[in-house]
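The values are calculated or read from the model by the stated rules, or taken from the named source; none is laboratory data. Given the structure is predicted, the values throughout are model-derived calculations rather than measurements. All Cβ positions, glycine included, derive from the backbone under ideal geometry; neighbour counts span all protein chains shown. Ligands, DNA and RNA are stripped out before the accessible areas are found, and what is left, the full protein with its side chains, is counted by its heavy atoms. Shrake-Rupley method; radii C 1.70, N 1.55, O 1.52, S 1.80 Å.
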Amino acid sequence: MEKVQQVYISQFPEYEGKEVLLKGWVANRRTTKNVVFVVFRDGTGFTQLVIDKQLAGEEAYKEADKLGLETAIEVKGKVVRDERQIGGFEVHVSEFKVIGESEDYPIAKKEHGIDFLLDHRHLWLRHRRPWATMRIRNEVVFAIHKFFQERGFLQLDAPIFTANACEGTTTLFETDFFGQPAYLSQSGQLYGEAMALACNKIYVFGPTFRAEKSKTRRHLAEFWMVEPEMAFYDLDMTMDLMEEFIKYLISQVLKNRQFELSLLERNTTILESSASKPYPRITYDEAVEIIKGTRKVNGRSSLDVLKEDLAKTQEEIKKLEAEEKSLEKQLGTPGLGEKKKARLQGQLGKVRERLHKLRERAKNIPLWIEQAENFPYGEDFGGAHETVLTRLFDTPIMVYKWPREIKAFYMKPFEDDPNFVKGVDMLAPEGYGEIIGGGERETDLNALLDQIKKHHLPEEAFQWYLDLRRYGSVPHSGFGLGLERFIAWMGGLHHVREAIPFPRYYGRLTP
RNA sequence: UCCCCGGUAGCUCAGCGGUAGAGCGGGUGGCUGUUAACCACUAGGUCGCAGGUUCGAAUCCUGCCCGGGGAGCCA
């Protein structure tokens, strides 16, 4: 092969009309009489290769026609503008050679179930949706570091092996640490507090582990959390920081990852409002009133919104049921052509799938209404309550001033209202739920000892933590952002397991 | 641990008491600057496992296993 410059697909705008060398993989292939079209990827993007008999020769055409999906190839050709293609360019190939063969690639050119795809996660990562998602993940991670570094925070790591449970509630993974039981960290917070009192403003950014057998779209057994901790910060300063932080992350994704968002077919309306509009700050008491429907938001009550929703859902169900019947009748007609029959069956499948989802929804809404109306004051919100609450807003909301009993032992009570603590949760819109939990920490040694006893936690294990209150205790605060939940919200992903390269959750340890 | 839904071809699914089906993917041939291309032919199955009901079970019943969603817990 003659020497030409090797470039990446991402550099195409600088190389229009030029002869270049590309190295990558065959993502898809279509053959026509004189031309083979290859959808080609090199990790930086996707483009179409055109292997024409005239230009590349009869041999190249025949060889290209045999290329299996995901064959690694080296290509020489000219970058040509073509507005019909993704990225706006295609490559007219003059020569190519195979670097690595690929036969019977397991992921077919069609829809697959999530379980099959996750069994092939190591290969699935090569495809468009995961590719776009991973680029958004990287954008978010980079933006997190930029945000904190620009504000003088130090990134410091908390240990992963710990001797005790942080908050004493969740189930932890137990391991053997040279003959002693040790647990995988469920939060870096307590260590973050120690580091903040040493370096003022710090953030812990690492993996965390929870051994709950959670089977929901919001849970993983291993996930990444960003936990800033700031000395001399009170609750209000913390809420200001949280809002500024989330707005910054969203704006960076919107600015730099439009193409990836479009590949995910993400409607960005709510992301845009969330990047600019102020986030409502609501006390727990107010949130309860909103959930119960006794307090209106912008003239709307949560229960009315749900009832409207139910009516709309039922209407759509009726429409689809009629469509289902009509399709079934058409399918029952004798003498249908195979082609026509297949098409009808395809349509019927889609209608049924949509019906299934709507029926599920129609079944759930009355339950939500009931749960909302009968919400027992003083308890934590469940998924249904969060949905009811966040549905009324087009930005994240911050719920603060929580009843002391339902929050962790280290939370600081309000001086003028000691039954409530200075904790705050940020709830994302569009059903993505809690993305941040945090607040101001207890500073008083005796108050903390009291809480440790009330929560039945082992006092000895917390001696080092209590030292932070013995020697120069100061007001301080912090919060934790669930990275995968945030990414799932950005990308409009169905499940947090799509937001991490190799998810770990109950029932999934490989690949 | 509990509740709901599911397990049929490599993949996505239909069939729900009477001879196991379609699309995609594989193979062969045709057509075509194609966009998950298209058309024809072809190969491909212990209907999750075990037991029961029945003349007859993918279909009904029971138990178990696996998966999905939710509760709990939380980021």
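Please give the FRET efficiency for residue A:464 paired with residue A:234, using the beta carbon to beta carbon distance and R0 = 25 Å, rounded to the nearest 0.05.
Computed FRET efficiency for residue A:464 and residue A:234: 0.55.
Put a dot 7 Å past each Cα toward the Cβ at residue A:360 and residue A:276; how far apart are the dots in nm?
3.5 nm
Take the eigenvalues of the Cα gyration tensor for the stretch A:4-51, scale each by 5, and report the square roots as semi-axes in whole Å, largest first.
Output for the stretch A:4-51: semi-axes of 20, 13, 8 Å.
At 18 Å minimum axial length over the Cα atoms and a Kyte-Doolittle cut of -0.5, report the qualifying DSSP H helices in chain A, or say none.
A:128-150, A:235-256
Given the alpha-carbon gyration tensor of the stretch A:424-511, what are the semi-axes of its equivalent ellipsoid in whole angstrom, ordered largest first, with each equal to the square root of 5 times an eigenvalue?
Equivalent ellipsoid of the stretch A:424-511: 35, 17, 11 Å, largest first.
Over 29 Å between Cα atoms, which of A:78/A:146; A:277/A:422; A:363/A:412; A:422/A:453; A:247/A:363; A:292/A:363 qualify?
Long pairs (Cα-Cα over 29 Å): A:78/A:146; A:363/A:412; A:247/A:363.
Which trypsin sites (Lys or Arg not before Pro) in the stretch A:1-102 pass both tests, a DSSP loop state and at most 16 other beta-carbon atoms within 10 Å?
A:3, A:18, A:33, A:66, A:84
Putting +1 on Lys and Arg Cβ atoms and -1 on Asp and Glu Cβ atoms, find which of A:99, A:230, A:253 reaches farthest to the positive end of the dipole of chain A.
Of the listed residues, the answer is A:99.
Could you tell me which of rounded, prolate or oblate describes the stretch A:281-324, using a ≥ b ≥ c as the square roots of the eigenvalues of the alpha-carbon gyration tensor, with rounded for a/c under 1.5 and, failing that, prolate when a/b is larger than b/c and oblate otherwise?
Taking the square roots of the gyration eigenvalues as a ≥ b ≥ c, the stretch A:281-324 is prolate.
Ratio of chain A's C-alpha Rg to 2.2 N^0.38 Å, to two decimals?
1.17
Which shape class applies to the stretch A:151-231: rounded if a/c is under 1.5, otherwise prolate when a/b exceeds b/c and oblate if not, where a ≥ b ≥ c are the square roots of the Cα gyration tensor eigenvalues?
Taking the square roots of the gyration eigenvalues as a ≥ b ≥ c, the stretch A:151-231 is oblate.
Which value, in Å², gives the accessible area per residue of chain A when a 1.4 Å probe is used on the protein heavy atoms?
Here the residues of chain A average 49 Å² of exposed surface.
If you put +1 on each Lys and Arg Cβ and -1 on each Asp and Glu Cβ, how big is the dipole of chain A around its Cα centre, in Debye rounded to 20?
2100 debye
Tell me, what is the FRET efficiency for residue A:377 and residue A:212 to the nearest 0.05, using R0 = 25 angstrom and their Cβ-Cβ distance as r?
0.45
Could you pull out every residue, at least 5 positions away or on a different chain, whose amide H is within less than 5 Å of the one on residue A:39? Hs are placed 1.01 Å off N in the peptide plane, and Pro or chain starts have none.
A:27, A:28, A:29, A:30, A:49
Out of the total accessible area of the stretch A:424-511 (probe 1.4 Å, heavy atoms of protein only), what percent is carbon and sulfur?
55 percent
Using the Kirkwood radius over C-alpha pairs as Rh, can you work out the diffusion coefficient of the stretch A:9-100 via Stokes-Einstein at 37 °C, viscosity 0.692 mPa s, in µm² per second?
This corresponds to a translational diffusion coefficient of 258 µm²/s.
Distance between Cα centroids, the stretch A:369-432 to the stretch A:127-143: provide it in whole Å.
30 Å
First compute the accessible area of the stretch A:9-100 with a 1.4 Å probe, then give the percent of it belonging to carbon and sulfur atoms.
Reported share for carbon and sulfur atoms: 49 percent.
May I ask you to derive the FRET efficiency for residue A:265 and residue A:449 from their Cβ-Cβ distance with R0 = 56 Å, giving the value to the nearest 0.05?
0.55
Per-residue HN-Hα couplings for the stretch A:504-511, Karplus 6.51 cos²θ - 1.76 cosθ + 1.60 at θ = phi - 60°, whole Hz, x for Gly and Pro?
Working through the residues one at a time gives 10, 8, 3, x, 9, 10, 9, x Hz.
Name the residues whose placed amide hydrogens come within less than 5 Å of the amide hydrogen of residue A:186, ignoring near sequence neighbours (fewer than 5 apart) on the same chain.
Correct list: A:166, A:209.
From the phi of every residue in the stretch A:212-218, what ³J(HN,Hα) in whole Hz does the Karplus formula 6.51 cos²θ - 1.76 cosθ + 1.60 yield, where θ is phi - 60° and glycine or proline is x?
For the stretch A:212-218, the Karplus-derived couplings read 5, 7, 6, 10, 9, 6, 9 Hz, x marking Gly and Pro.
Can you compute the helix-only [θ] at 222 nm over chain A? Use -39500 (n - 2.57) per DSSP H run of at least 4 residues, normalise by all residues, nearest 500 deg cm²/dmol.
Here the helix-only value at 222 nm equals -12500 deg cm²/dmol.
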